[in-house]
Amino acid sequence: MRNLLVLGGGTAGTMVANKLYKKLDRKEWTITIIDKDDEHIYQPGLLLMPFGVYSPEELIKSRRHFIPKGVEFIQSAIEKIVPELNQVFLVGGRAIDYDQLVIATGTTPRADQTPGMSDPKVWKKSVFDFFTFEGSLALRDALANWEGGRLVVHITEMPIKCPVAPLEFAFLADAYFTERKMREKVTISYVTPLEGAFTKPTCSRALGGMLSDRNIILEPDFMLEHIDPEQKIMVSMDEREIPFDLLVTVPLNMGDDLIARSDMGDELNYVPVDKTTFLSKKYSNIFALGDASDIPASKAGSVAHFAVDIFAENFMQHISGQPMTGKFDGHANCFIESGAGKGLLIDFNYETEPLPGMFPIPVVGPFPLLKESRLNHLGKLAFRWIYWNLLLKGRWIPISDQMSMAGKHRAFEEKQNGEKKEVDHYAHH
Amino acid sequence: MPTIEIAGKDIDVNEEGFLTKYDQWDEAIAKVLAEQIGVEMTDEHWKIVNFLRSDFKSAGETATSRRVQVVGGFPIKEQFVLFPKKPAKKMAYIAGLPKPKGCV
Ligand SMILES: Cc1cc2nc3c(=O)[nH]c(=O)nc-3n(C[C@H](O)[C@H](O)[C@H](O)COP(=O)(O)OP(=O)(O)OC[C@H]3O[C@@H](n4cnc5c(N)ncnc54)[C@H](O)[C@@H]3O)c2cc1C
């Protein structure tokens, strides 16, 4: 018998277990999956919970519920991987052997990495994160009781998972305070280490316009050095200061420390892999999928889904000694909440910037791309159902792995590129 | 892709002016690139630029500010002093490397 060991029972790990349980010969293979707890959190819901859209119970389910009966689930924290022995050690010392290993341990926000951020004087009192369940819940209560002042929405450093989530938070906060008839008591700033509102230039322009339309102040190129918990001020590396009353930050995101303990990661504990096949650059029987890898694509559930589809086919070739023929193109798509019951959709890959147009989803679509509409918002809400009922279990969902140019406005892209030349011509600065 | 002349050589650059061929770079070119963006090269600047060059060779990608801190040992704060406002972009520009990814 050979063992496929999956580390992490989140979005990617669960999909891998489901897909490969169907494909692998059960007389020859066992599948084992390890996670430190039994609570699968629907992470996209953490963005909406602070605004009272979801109740906490709607966002948590038992991991076992999504893992096939024939797959062994071990609930334990993982200490380290020892690739030379083909073994993984659990906290407590138990060793598990593997023939093939999939690392899907994700990424987590690390407030401890910025001086002053997790100081008890401010942490979960005036400084909050919404990337964790506890943070999102605490923020819900803080927002409900807040009387107004300076709200700062902030990204510490890229890359983060779901890179649009903080922007969406700013849009939703604007809508939330407007609805509660207290928008004039609140100033909202959006503070980012990037040069603009988003990482991709075309998007950055469209989304930047949406910030100014909502009277949200954009503070680009701000690299946080520390937070002064006494005075409630953020201080940047080049000594700029931004005061706040309520800071909603996305702390530095890092892969799990288990990767550092195993000496297998880069400076942020991400596992270096081939960006088209997810095979480790160092070990021929180790893959990293989802947020845990270092591929230059968005860290998002949609990316993990497209990636796992390609991986599952490749894996069957890999274990029978053939070259892997599937190639991942970096495809990502995501619904962006823009507040007041509206949303927009963006779709892109390694090579192509997000383009406006219509995104052709058979059955449900088409969805307007990079443009606000109520349909996109409904798409985001429907996604929770799709996530729990289809996606995790590895069932078919009506979106292709490879990005398609159908419905996208190429002409717009060309025009934007023309503009880009003037705007960004760096050598002339 | 445009070609421009720097320090007497024809150099390939992208539309933002970043060098596109690793081997076309030399120190004389770096000095000109630095001048264009208002940076005067000192020993400290060269140490960082040289780190970026050698790291790119082994890692295949331009180091981010964090990597320059963690792997190279140059604190981000110091990078901001030496290459004000946009250190990651400026360091890459002078080192003749692509803009660092990290932002997706
Ligand atoms: C606020 C928010 C909004 C988002 N919105 C969207 C969206 O709209 N669309 C979208 O596509 N994506 C969205 N995402 C991103 C998406 O949730 C993640 O990209 C996705 O869950 C990644 O899957 P993963 O399997 O790589 O990691 P995860 O699902 O995080 O799973 C990692 C698992 O590994 C386990 N683990 C880690 N270390 C250890 C250890 N040492 N021992 C034992 N177990 C361990 C963890 O317990 C966890 O269960 C959002 C994320 C957040 C935070």
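A few points about this structure:
- Any hit, the range A:144-164, residues being among the small types (Gly, Ala, Ser), on the phi > 0 side of the Ramachandran plot and either more than 20 Å from the chain's Cα centre (by Cα) or crowded, with 18+ Cβ neighbours inside 10 Å (or both): yes
Conditions tested, residue by residue: (1) open to solvent by 40 Å² or more (accessible area, probe 1.4 Å); (2) more than 11 Å from every other protein chain (Cβ to nearest Cβ); (3) among the charged types (D, E, K, R).
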| position | (1), (2), (3) |
| --- | --- |
| B:Ser54 | yes, yes, no |
| B:Lys57 | yes, yes, yes |
| B:Gly60 | yes, no, no |
| B:Gly72 | no, no, no |
| B:Ile76 | no, no, no |
| B:Gly96 | no, yes, no |
| B:Pro100 | no, no, no |
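- Residue satisfying condition, being touching a residue at least 40 places away in the same chain (Cβ under 8 Å), buried (at least 20 other Cβ atoms within 10 Å of the Cβ) and not polar (S, T, N, Q), within set A:Ile60, A:Ile41, A:Ile74, A:Ile67: A:Ile67
- Yes/no for B:Glu40 being assigned to a helix (DSSP H, G or I), modelled with pLDDT of 95 or more and more than 10 Å from chain A (Cβ to nearest Cβ): no
- Any chance A:Arg261 is within 16 Å of the ligand (Cβ to nearest atom), open to solvent by 20 Å² or more (accessible area, probe 1.4 Å), modelled with pLDDT of 95 or more and not hydroxyl-bearing (Ser, Thr, Tyr): yes
- Scanning the range A:83-128 for residues that are touching a Ser or Thr at 6+ places or on another chain (Cβ under 8 Å), farther than 30 Å from A:Asp228 by Cβ and loosely packed, with under 14 Cβ neighbours inside 10 Å gives A:Val91, A:Gly92, A:Arg94.
- Condition met for A:Asn253 (open to solvent by 10 Å² or more (accessible area, probe 1.4 Å), within 13 Å of chain B (Cβ to nearest Cβ) and within 16 Å of the ligand (Cβ to nearest atom)): no
- Meets criteria (within 11 Å of the ligand (Cβ to nearest atom) and assigned to a helix (DSSP H, G or I)) for A:Leu48: yes
- Members of the range A:4-26 found to be open to solvent by 20 Å² or more (accessible area, probe 1.4 Å), in contact (Cβ under 8 Å) with a residue 24 or more places away in the chain and more than 11 Å from the ligand (Cβ to nearest atom), listed by number: A:Lys19, A:Tyr21, A:Lys22, A:Lys23, A:Arg26
- Enumeration of residues in the range A:285-306 that are modelled with pLDDT of 95 or more and surrounded by 24 or more Cβ atoms within 10 Å (Cβ to Cβ): A:Phe287, A:Ala288, A:Leu289, A:Gly290, A:Asp291, A:Ala292, A:Ser293
Yes/no matrix, rows are residues, columns are (1) closer than 21 Å to A:Phe169 by Cα; (2) outside the structural domain of A:Gly9 (by TED's automatic domain parsing):
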| site | (1), (2) |
| --- | --- |
| A:Gln75 | no, no |
| A:Ile78 | no, no |
| A:Leu85 | no, no |
| A:Lys121 | no, yes |
| A:Lys124 | yes, yes |
| A:Phe130 | yes, yes |
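- Failed item in (1) in contact (Cβ under 8 Å) with a residue 24 or more places away in the chain; (2) open to solvent by less than 50 Å² (accessible area, probe 1.4 Å), with A:Met237 passing the rest: (1)
- In the set (1) among the aliphatic types (A, V, I, L, M); (2) crowded, with 23+ Cβ neighbours inside 10 Å; (3) more than 14 Å from chain B (Cβ to nearest Cβ), A:Ile217 fails one condition alone, (2).
- Verdict on A:Ala332 being modelled with pLDDT under 95 and open to solvent by 30 Å² or more (accessible area, probe 1.4 Å): no
- Only strands (runs of 3 or more DSSP E) whose full extent lies in the range A:67-186 are considered here, and none of them has at least 2 residues that are small (Gly, Ala, Ser) and within 15 Å of the ligand (Cβ to nearest atom).
- A:Asp238 assigned by TED's automatic domain parsing to the domain that holds A:Asn18 and more than 13 Å from the ligand (Cβ to nearest atom): no
- Residues in the range A:272-294 that are within 14 Å of the ligand (Cβ to nearest atom), within 14 Å of another protein chain (Cβ to nearest Cβ) and more than 21 Å from A:Phe131 (Cα to Cα): A:Val273 alone.
The values are calculated or read from the model by the stated rules, or taken from the named source; none is laboratory data. This is a predicted model, so every value here is computed, not measured. Backbone-built Cβ (ideal geometry, glycine too); neighbour counts: all protein chains shown. Keep in mind that these areas ignore ligands, DNA and RNA; they rest on the heavy atoms of the full protein, side chains included. Shrake-Rupley method; radii C 1.70, N 1.55, O 1.52, S 1.80 Å.
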